[in-house]
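Everything on this sheet refers to the single structure shown next.
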Amino acid sequence: MQDKYELKYSKKAIKYYLKTTGKTRKRIDKMLENLKTLDGDIEYIQQNNYYRIKIEHYRAIFTVDEIQNIIEIHAIGTKNDMRY
């Protein structure tokens, strides 16, 4: 399947990702692969005008630019790290 969106990462998202290892990194990689085609457990967070994707207890907060086909990931973390 061809990727529909290009992923861009904030410094905060990159910093969290680089701290992960092993199984955690594999879970996050799977979540990010699903995100390229907007597949997975995605929810629109209306009060803040962004989206959330989750896999197990990991989350990513992102926005979608439909015109340029870019998803900007603002934060990655556990459900306890995220505040909506």
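We did not get these values from a lab; they are worked out from the coordinates using the rules stated. Since this is a predicted model, take the numbers as computed values, not measurements.
Odds and ends about this structure:
- The chain: Cα Rg divided by the 2.2 N^0.38 Å rule of thumb: 1.01
- From its DSSP helices (H runs of at least four residues, each -39,500 (n - 2.57)), the chain gives a residue-normalised ellipticity at 222 nm of -8500 deg cm²/dmol.
- Whichever aspartates and glutamates have a C-alpha closer than 12 Å to that of Lys11, once near sequence neighbours (fewer than 8 apart) are set aside: Glu72
- Highest GNM mean-square fluctuation among Lys19, Lys11, Lys30, for the chain modelled with Cα contacts below 10 Å: Lys19.
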